[in-house]
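Student: Okay, handing you the structure first.
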Amino acid sequence: MAILVTGSAGHLGEALMRTLRDSGEQARGIDILPSEFTDAVGSVYDRDFVRESVCGARIVLHAATLHKPHVATHTNQEFVDTNISGTLMLLEEAVAAGIDAFIFTSTTSAFGAALTPAAGEPAAWITEDVPPIPKNIYGVTKVAAESLCELFARKQGLPVLILRTSRFFPEADDDPAVSGAYELANAQANEMLYRRVDIEDVVAAHLLAMRKAPQIGFGRYIISATTAFSREDLAELRRDAPRVVSRLFPDCATLYAVRQWQMFPQVDRVYVNQLAVRELGWRPRYDFRHVLESLKGGQDFRSTLARQVGTKGYHPDGSSASRPRAARK
């Protein structure tokens, strides 16, 4: 089965290529940047390049995108060109080539303002039924690209599954209030409760999706670590998250104290992965219980794959910080 992976120089693209190659799959990676996992360098906004890349493939795993950190360094038009027009070209060429399945990597950022309840309101319970309210050009273009995917599934009969992934990047949080107050591992451990997923589990979801797509036809799924929270916890999570965590995980406080870690004072949303578990047969291995068990054993709670991929940044020089547009190439 020939598999085309777009964005092969990125975090997820590399993780997909590593896993596919290790399992003996015939995978081809494309990206605008050269890398060990990129077989051809070019843009998804280049029709001839896309047509050539899709030729001979049976599956497309479309992970290439401009991300939220690019909002500070790229124009709105560049977001439209890459995230919308690039996706459209891939869909059109996938149909022309008779592709068996098209998997689109989207983001929980697409929910936008729906993720932040008003002051005094309970934390938001985020399922696939929550309407997106994009907050920036990144969210707008990802939602638009999702709509194109749905259109092609409905009108062209192209099997398409959309995976809205939560955070799996290893870099520090882009919120100064978080990155300045919490050690990186502490913040990311906290997030495994409600808004983070290990990249190994993200890859597993993509591999299941590409095999399930022909029988499902079209679907949209949240890909995030399994939460221990329930709807009954939402009000208290917004007022006093440490109290809820202590009730569900009595050993957390002791394990955190050894490292001088702290739980976030409140949680504003909870991502729910039940639909992906049920329809894709996805069984994520990494959750907050795994985090605590790793801490007990003095081990890194990240997967081996996450450590192999490491930190990449979002700009050609590998940085995550915002830079002037003139320097981005």
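The rows are residues; the columns are (1) part of a helix (DSSP H, G or I); (2) in contact with a Pro (Cβ under 9 Å, 6 or more places away or on another chain); (3) closer than 30 Å to PHE102 by Cβ; (4) not hydroxyl-bearing (Ser, Thr, Tyr).
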site: GLN188; (1), (2), (3), (4): yes, yes, no, yes
site: ALA204; (1), (2), (3), (4): yes, yes, yes, yes
site: ARG220; (1), (2), (3), (4): no, no, yes, yes
site: THR226; (1), (2), (3), (4): no, yes, yes, no
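Student: Residues being assigned to a helix (DSSP H, G or I) and closer than 27 Å to PHE264 by Cα: count how many of those fall in segment 139-186.
Tutor: At the first step, the residues of segment 139-186 found to be assigned to a helix (DSSP H, G or I) are 139-156, 176-179, 184-186.
Now restrict to residues that are closer than 27 Å to PHE264 by Cα: 139, 176-179, 184-186.
Adding up the residues that qualify gives 8.
Student: Within segment 189-204, identify whether any single residue is within 18 Å of THR87 (Cα to Cα) and either without any contact (Cβ under 8 Å) to a residue 40 or more places away in the chain or under 18 Å from the mean Cα position of the chain (by Cα) (or both), and answer yes or no.
Tutor: For segment 189-204, residues within 18 Å of THR87 (Cα to Cα) and either without any contact (Cβ under 8 Å) to a residue 40 or more places away in the chain or under 18 Å from the mean Cα position of the chain (by Cα) (or both): absent.
Student: Given (1) within 30 Å of LYS155 (Cα to Cα); (2) more than 22 Å from the chain's Cα centre (by Cα); (3) of a type outside the set (D, E, K, R), identify the lone condition not met by PHE218.
Tutor: PHE218 satisfies all of (1) within 30 Å of LYS155 (Cα to Cα); (2) more than 22 Å from the chain's Cα centre (by Cα); (3) of a type outside the set (D, E, K, R) except (2).
Student: In the list THR65, THR87, which residue meets the criterion of being out of contact with any strand residue (DSSP E or B) (no Cβ under 6 Å at 6 or more places or on another chain), at pLDDT below 95, under 17 Å from VAL160 (Cβ atoms) and surrounded by 22 or more Cβ atoms within 10 Å (Cβ to Cβ)?
Tutor: THR65
Student: Of the residues ALA57, ALA94, which is touching a strand residue (DSSP E or B) at 6+ places or on another chain (Cβ under 8 Å), part of a loop (DSSP other than H, G, I, E, B) and either buried (at least 17 other Cβ atoms within 10 Å of the Cβ) or acidic (Asp, Glu) (or both)?
Tutor: So the residue among ALA57, ALA94 that is touching a strand residue (DSSP E or B) at 6+ places or on another chain (Cβ under 8 Å), part of a loop (DSSP other than H, G, I, E, B) and either buried (at least 17 other Cβ atoms within 10 Å of the Cβ) or acidic (Asp, Glu) (or both) is ALA57.
Student: Still on this structure, I have one more. Please determine whether any residue of segment 228-250 is over 24 Å from HIS67 (Cβ atoms), in a helix (DSSP H, G or I) and of a type in the set (Ser, Thr, Tyr).
Tutor: yes
Student: Inspect segment 225-240 for any residue being crowded, with 22+ Cβ neighbours inside 10 Å, of a type in the set (A, V, I, L, M) and touching a Ser or Thr at 6+ places or on another chain (Cβ under 8 Å) and give the result as yes or no.
Tutor: Within segment 225-240 (the criterion being crowded, with 22+ Cβ neighbours inside 10 Å, of a type in the set (A, V, I, L, M) and touching a Ser or Thr at 6+ places or on another chain (Cβ under 8 Å)), the answer is yes, since at least one residue qualifies.
Student: Among the numbered criteria (1) under 19 Å from GLU279 (Cα atoms); (2) among the hydroxyl-bearing types (Ser, Thr, Tyr); (3) buried (at least 18 other Cβ atoms within 10 Å of the Cβ), which single criterion is violated by THR127?
Tutor: Of the numbered conditions (1) under 19 Å from GLU279 (Cα atoms); (2) among the hydroxyl-bearing types (Ser, Thr, Tyr); (3) buried (at least 18 other Cβ atoms within 10 Å of the Cβ), the odd one out for THR127 is (3).
Student: Starting from segment 235-262, keep only residues that are closer than 19 Å to THR116 by Cα, then list their pairs with residues that are β-branched (Val, Ile, Thr) and assigned to a helix (DSSP H, G or I) whose Cβ atoms are within a distance under 6 Å, requiring at least 6 positions of separation or different chains.
Tutor: GLU236/VAL244; LEU237/VAL244
Student: I'd like the full set of residues that are farther than 18 Å from MET89 by Cα and in a loop (DSSP other than H, G, I, E, B), limited to segment 9-50.
Tutor: Passing the criteria: ALA9, GLY10, SER23, GLY24, GLU25, LEU33, PRO34, SER35, GLU36, PHE37, THR38, ASP39.
Student: Mind listing whichever residues of segment 197-224 are over 25 Å from GLY13 (Cβ atoms) and either crowded, with 21+ Cβ neighbours inside 10 Å or not small (Gly, Ala, Ser) (or both)?
Tutor: Residue satisfying the conditions is GLN215 alone.
Student: Only one of (1) over 30 Å from PHE152 (Cβ atoms); (2) surrounded by fewer than 23 Cβ atoms within 10 Å (Cβ to Cβ); (3) in contact with a strand residue (DSSP E or B) (Cβ under 7 Å, 6 or more places away or on another chain) fails for TYR194. Which number is that?
Tutor: If we test TYR194 against (1) over 30 Å from PHE152 (Cβ atoms); (2) surrounded by fewer than 23 Cβ atoms within 10 Å (Cβ to Cβ); (3) in contact with a strand residue (DSSP E or B) (Cβ under 7 Å, 6 or more places away or on another chain), just (2) comes out false.
Okay, residues lined up against (1) touching a Gly at 6+ places or on another chain (Cβ under 6 Å); (2) surrounded by fewer than 17 Cβ atoms within 10 Å (Cβ to Cβ); (3) of a type in the set (S, T, N, Q); (4) farther than 24 Å from PRO284 by Cβ:
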position	(1), (2), (3), (4)
ALA145	no, no, no, yes
PHE152	no, no, no, yes
GLN156	no, yes, yes, yes
LEU161	yes, no, no, no
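Student: Continuing with the same structure: List pairs: first in segment 282-304 and closer than 13 Å to ALA189 by Cβ, second surrounded by fewer than 18 Cβ atoms within 10 Å (Cβ to Cβ), Cβ under 6 Å, 6+ apart or cross-chain?
Tutor: LEU292/LEU255; LEU295/LEU255; PHE301/SER294
Student: Further, regarding this structure: Restricting to segment 119-128, count the residues that are modelled with pLDDT of 95 or more and assigned to a loop (DSSP other than H, G, I, E, B).
Tutor: 5
The values are calculated or read from the model by the stated rules, or taken from the named source; none is laboratory data. A quick note: this is a predicted structure, and the numbers were derived from the prediction, not measured. Neighbour counts are summed over all protein chains in view; Cβ atoms, including those assigned to glycine, are modelled from backbone coordinates with ideal geometry.
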